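Heads up: the structure comes next, in structure tokens.
The values are calculated or read from the model by the stated rules, or taken from the named source; none is laboratory data. Treat the numbers as computed from the prediction; the structure is a model and nothing was measured. Positions of Cβ are backbone-derived with ideal geometry, glycine not excepted, and every protein chain shown enters the neighbour counts.
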């Protein structure tokens, strides 16, 4: 099963927009995917068009604190549940393999 990463950033542009009705112009920050014809005018609420892109940058998206808390909660319970489900024989086997891996790692650094 392949895990996919969620994009934690977005491309933002500073664009000059002109109203199609009142010809009002303003500079706005919007995502790169925003339509050329689209967001309403700040004065008359009519559609605007993008006439120029002044600057481009990449901004990180903030993490959702509630989702992060739920993830930590599940992680803290997961180890306990796994340990309870393992047989003593399987726990010994896992511990033995971990010790062997630590010893192999220590020998390679010499």
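Some notes on this structure:
- Test: residue 66 is loosely packed, with under 10 Cβ neighbours inside 10 Å, modelled with pLDDT of 85 or more, out of contact with any helix residue (DSSP H, G or I) (no Cβ under 9 Å at 6 or more places or on another chain) and outside any loop (DSSP other than H, G, I, E, B): yes
- Extreme residue, modelled with the lowest pLDDT, among residues of region 27-40 that are out of contact with any strand residue (DSSP E or B) (no Cβ under 6 Å at 6 or more places or on another chain) and surrounded by fewer than 14 Cβ atoms within 10 Å (Cβ to Cβ): 38
- Members of region 84-96 that are part of a helix (DSSP H, G or I) and surrounded by 10 or more Cβ atoms within 10 Å (Cβ to Cβ): 90, 91, 92, 93, 94, 95, 96
- Of the criteria (1) part of a strand (DSSP E or B); (2) at pLDDT 90 or above; (3) surrounded by 10 or more Cβ atoms within 10 Å (Cβ to Cβ), which one residue 21 fails: (1)
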